[in-house]
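Just so it is clear, none of the values below were taken in a lab; they were calculated from the coordinates. Predicted model only: the values in this text are computed from it and were never measured. Note that each Cβ is placed from the backbone with ideal geometry, even for glycine, and that neighbours are counted across all protein chains shown.
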Amino acid sequence: MNTYGNNFKITIFGASHAKEVGVVVDCCPSGIEICEEDFKEDLLRRKNGDNSSLLFGTTPRKEEDIPHITTGISNGKTDGSPITISFENKNVQGKDYSQFRTTPRPSHADFVNLCKYKEFSNIQGGGQSSGRMTVALVAAGVVAKKILAAKGEKISIKASIAEIGGEKNPTLWPKMLADAKGEGDSLGGVIRCVAEGVKVGVGEPFFSSLESQISQLAFSVPGVKGIEFGDFSDIDCKDYFTSARLKGSQYNDPIVNTLGKCTTNHSGGINGGISNSNPIVFSVAVRPTASISKPQKTINLSTGEVEEISVKGRHDVSIALRCPVIIEAITAIVLADNLL
């Protein structure tokens, strides 16, 4: 399923090594100023990450990421029709990926895609399962932020790296990444996102809870394997899933005024699936990059024998490095879908 949303609908298209990737944004109100320059900052963050000292940990594949807006904009403003934003894939290597049809890469989507799509599976660069597809999410997030601002919503969304390889001390990250790179290995991480200024009443009970909507889009980001809502900065805890380790008297957030202000925010700004006016806070766990040059075991689908495989190519040491802006984007998309 490549489409998400009801009131703010997005459809992504393309693949890692296709001619282009992109997104179609539907249901966008007319009269909102949008130009290619609006996308520059967020696209650069997705490309390089937020920390220049960790740039060596991102993939050597560098695309121009120039957004081509071909529909939906007239005279610099949205005209109410679907907005099409595409990005050319130029820095594509003509590498032969056919070996992975026989020996699928461990923890990649190779095996499941081959089982599901048979010989038609697009395996080049990971196809549609590639992190390359997140450029479309970031572009949609830029449009979502523009819509929220145009509606007068004073919402600030900021995500950052909270942890790399189990370590919360940023000064240790460069060496950890360098060591992992030298070993032909990779590292995971945790991204923390805070959305401030979200009014009371956003979201619905049960199946359309704000948590479930954010979680759905968070898990669409390749590499995201877990999520927890809540701000536990007032608690000395080294682990995530902190809420499961507390007593009710520790977890509950005392309400101190009629606007819903709480002294703590362990619920992450959401109760019963509905925003409560406190900042929406959540953390996502990002798995280590699957493509590593360190030898691993996999099955040979032709012989039925277990073989050793080493994945060569251009890969992030930690895909978490480039995830903050992507998590911001999916949060903006969810909020736009609810507030339109």
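Modelled this way, with points 7 Å down the Cα-to-C-beta line, the labels at LYS294 and PHE56 are 1.8 nm from one another. Using the rule -39500 (n - 2.57) for each DSSP H run of four or more residues, divided by the residues of the chain, the 222 nm mean residue ellipticity is -6500 deg cm²/dmol.
In terms of the Cα gyration tensor, with a ≥ b ≥ c the square roots of its eigenvalues, is the stretch 114-162 rounded because a/c is under 1.5, prolate because a/b exceeds b/c, or oblate? Walk me through the numbers on the way to the answer.
On the way: a/c = 4.35, a/b = 2.59, b/c = 1.68.
Taking the square roots of the gyration eigenvalues as a ≥ b ≥ c, the stretch 114-162 is prolate.
Taking 0.36 nm per residue of sequence separation and subtracting the Cα-Cα distance, how much length would be gained by fully extending the chain between SER30 and TYR117, in nm to one decimal?
On the way: separation 87, 0.36 × 87 = 31.32 nm, distance 3.91 nm.
Gain on extension, SER30 to TYR117, equals 27.4 nm.
Quick check on my link table: of LYS40/LYS261; LYS118/LYS312; LYS40/LYS294, which ones sit more than 28 Å apart, alpha carbon to alpha carbon? Exceeds cut-off: LYS40/LYS261; LYS40/LYS294.
State the volume of the convex hull built on the alpha-carbon positions of the stretch 283-340, expressed per residue in Å³ and rounded to an integer. Walk me through the numbers on the way to the answer.
On the way: hull volume 8.5 nm³, N = 58.
Cα convex hull per residue, to the nearest whole number: 147 Å³.
Computed from the alpha carbon positions, the gyration tensor of the stretch 135-276 leads to an equivalent ellipsoid with semi-axes of 29, 22, 14 Å, biggest first. For the chain, modelled as a Gaussian network with Cα springs under 10 Å, which listed residue fluctuates most, PHE111, PHE207, PHE87? Looking only at PHE111, PHE207, PHE87, the biggest GNM fluctuation is shown by PHE207. Between ALA244 and ASP185, the FRET efficiency from the beta-carbon distance, with R0 = 30 Å, is close to 0.50. On the basis of the beta-carbon distance and an R0 of 45 Å, HIS68 and ILE235 show a calculated FRET efficiency of 0.45. Per-residue Cβ neighbour counts within 10 Å put VAL21, VAL281, VAL311 in the sequence VAL311, VAL281, VAL21, beginning with the fewest.
For LYS199 and THR303, calculate 0.36 nm times their separation in residues minus their Cα-Cα distance, and state this gained length in nm to one decimal. Each step should come with its number before you reach the end.
Numbers: separation 104, 0.36 × 104 = 37.44 nm, distance 5.86 nm.
Computed gain between LYS199 and THR303 is 31.6 nm.
Using only the C-alpha atoms, the convex hull of the stretch 3-339 corresponds to 147 Å³ per residue. For the residue pairs LYS77/LYS145; LYS77/LYS151; LYS199/LYS225, the alpha carbons lie more than 19 Å apart in LYS199/LYS225. Cross-linked pairs LYS9/LYS116; LYS154/LYS175; LYS181/LYS297; LYS90/LYS168; LYS90/LYS181: Cα-Cα separations exceed 29 Å for LYS154/LYS175; LYS90/LYS168.
Longest span of the chain, sites excluded, free of trypsin sites (Lys or Arg not before Pro) in DSSP loop with at most 16 other C-beta atoms within 10 Å? Walk me through the intermediate numbers first.
On the way: sites that count: LYS19, LYS62, LYS90, LYS95, LYS151, LYS154, LYS168, LYS199, LYS238, LYS247, LYS261, LYS312, ARG314.
Answer from the scan: 96-150.
Looking at the stretch 232-320, the chymotrypsin sites (Phe, Trp or Tyr not before Pro) that sit in a DSSP loop and have at most 15 other Cβ atoms within 10 Å of their own Cβ are PHE241.
The phi-based Karplus calculation (6.51 cos²θ - 1.76 cosθ + 1.60; θ = phi - 60°) puts the 3J(HN,Hα) values of the stretch 160-174 at 8, 6, 9, 6, 10, x, x, 10, 8, 8, x, 5, 8, 5, x Hz, whole numbers, x for Gly and Pro. When Rg and Dmax are taken over the Cα atoms of the stretch 253-319, they come to 23.3, 68 Å.
Could you please rank GLU37, GLU63, placing first whichever residue has the fewest other Cβ atoms within 10 Å of its Cβ? Show your work: numbers first, answer last.
Working: GLU37 8, GLU63 16.
By the 10 Å Cβ count, ascending, the order reads GLU37, GLU63.
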